[in-house]
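The values are calculated or read from the model by the stated rules, or taken from the named source; none is laboratory data. The structure presented is a predicted model; accordingly, all values stated were derived computationally and were not measured. Quick reminder, even Gly has a Cβ in these numbers, built from the backbone with ideal geometry, and neighbours come from all protein chains shown.
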Amino acid sequence: MLVSDLPTPALLVDRARLHANLDAMQARADAQGVALRPHVKTHKSPAIARMQVERGARGLTVATVDEAEAFAEAGFDDLRLASPVVGPTKLERLAALAASGTRISFSVDSAEGVRRADRAFAEAGQTAEVLIEVDTGYGRCGVEWDDRDALAELAAFVNASEALRLVGLLSHGGDAYGPAPDERSIEDHRRRVMDAERDRVLDAAAFLVAEGALDPAAAELSIGSTPGVTVFTNAERDGLTITEVRPGTYVFFDAMQVALGSARVQDCALVCVATVLSKTRFDDGTERDITDAGKKILTADTWPGHTAFGEVLYSPRTMIAHPHARVTALSEEHGWVDTPGGSIWDIGDPVFLVPNHACVAVATRSRLSLVDGDEVIETLDVVAR
């Protein structure tokens, strides 16, 4: 099958760029002496997860219990939820996965969360590994990294529980996605956020080790996001180092990662192909092409200073961004592509775009098309949508 035979809109995964991205991130993790536990919410594909494990990934990161169940069913036996789990039904489902032989771990950041998880796993006769989630500056989940009393109290609470075992600390440097707060370069901002996340997790871990609350020989210290890990270097604090990174978007990259400096357009393995449905020419010479790719595939995600809904390409072969065409608006099923001076497309022509946010784009599809040039070589199922 050829790409031109696919019904649009569709998501294409370029095999060569996918493999290059997988190889590069595994090499970076190996060079820094850390395990790579990739976040599969980006691709939701057991086939791609197998490619990651074959290259050396140690376990997978998931975002939801649905993902944990889907990837366990696909044969993966070491799954970490990178956030607290508190709902009784969700905890029961995780305990059932543990009973089936899957290594299950997740983060905790409150005594109530520990109580709920302990009760669910104890009732199921299972043990869960947990990591204290540490907030290193993002302001989402987690105990403040420098709140010594809160860290000590939560660690003691976990260590006194019946069915939970404290194995380490976890953080997410999501502030690497934000704009630089001053005149520093984008890369410098990413590096500073990553270094701060690393150092703050190490500081919190060293404190818990000194308190006798964490075993230094077995402590798992897990950090990371794609924009952070692409500039990550490890460090040592009191004999402790970061042991694990959890990037996700690196498999495909996207327009947001390009804007953050984590990748080039030429690194982006995920491309949306759409079809021009209608055209309008305005008095100022601008042409508007209406495509069949709207919010349901491109997503409405933007970020400060960037209002376009994806990066328009000349073609997926060259991966050269069109210098003037911009996706200026989306409805559910349609996209507005405006080109000052006139567009290069006619009604019925394909338009290729790099989505702003790969994770959300993939979650809207039931399948991805793995391509080599113009040829579709495999259909990849998307699970746990």
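Looking at the range 93-114 only, could you name the residues that are part of a helix (DSSP H, G or I) and in contact with a Phe, Trp or Tyr (Cβ under 9 Å, 6 or more places away or on another chain)?
L94, A95, A98, A111, V114
Starting from the range 4-25, keep only residues that are of a type in the set (D, E), then list their pairs with residues that are surrounded by fewer than 17 Cβ atoms within 10 Å (Cβ to Cβ) whose Cβ atoms are within a distance under 8 Å, requiring at least 6 positions of separation or different chains.
D14/D372
Select from the range 127-152 the residues that are small (G, A, S) and free of Cβ contacts under 8 Å to residues at least 40 places away in the same chain and list them in ascending order.
A128, G139, G142, A150
Considering A16, A27, A47, A20, which residue is in contact with a strand residue (DSSP E or B) (Cβ under 6 Å, 6 or more places away or on another chain) and either closer than 17 Å to S222 by Cα or assigned to a helix (DSSP H, G or I) (or both)?
From the options A16, A27, A47, A20, the qualifying one is A47.
Surrounded by fewer than 24 Cβ atoms within 10 Å (Cβ to Cβ) and aromatic (F, W, Y) - does that describe any residue in the range 236-251?
no
Which condition number does L94 fail, the rest of (1) assigned by TED's automatic domain parsing to the domain that holds G224; (2) farther than 30 Å from T291 by Cβ; (3) of a type outside the set (G, A, S); (4) surrounded by fewer than 22 Cβ atoms within 10 Å (Cβ to Cβ) being met?
Among (1) assigned by TED's automatic domain parsing to the domain that holds G224; (2) farther than 30 Å from T291 by Cβ; (3) of a type outside the set (G, A, S); (4) surrounded by fewer than 22 Cβ atoms within 10 Å (Cβ to Cβ), the lone unmet condition for L94 is (4).
Scan the range 115-147 for residues that are assigned to a loop (DSSP other than H, G, I, E, B) and either at negative phi or β-branched (V, I, T) (or both) and jot them down.
Hits for the range 115-147 are A124, Q126, T127, T136, Y138, R140, C141, W145, D146, D147.
Just the residues that are among the small types (G, A, S), crowded, with 20+ Cβ neighbours inside 10 Å and modelled with pLDDT of 95 or more, please, taken from the range 129-183.
Within the range 129-183, G142, A155, S161, G168, S171 qualify.
Listed residues I347, I377; which is over 27 Å from the mean Cα position of the chain (by Cα) and at pLDDT 95 or above?
Step by step, each of I347, I377 is checked, and only I347 is over 27 Å from the mean Cα position of the chain (by Cα) and at pLDDT 95 or above.
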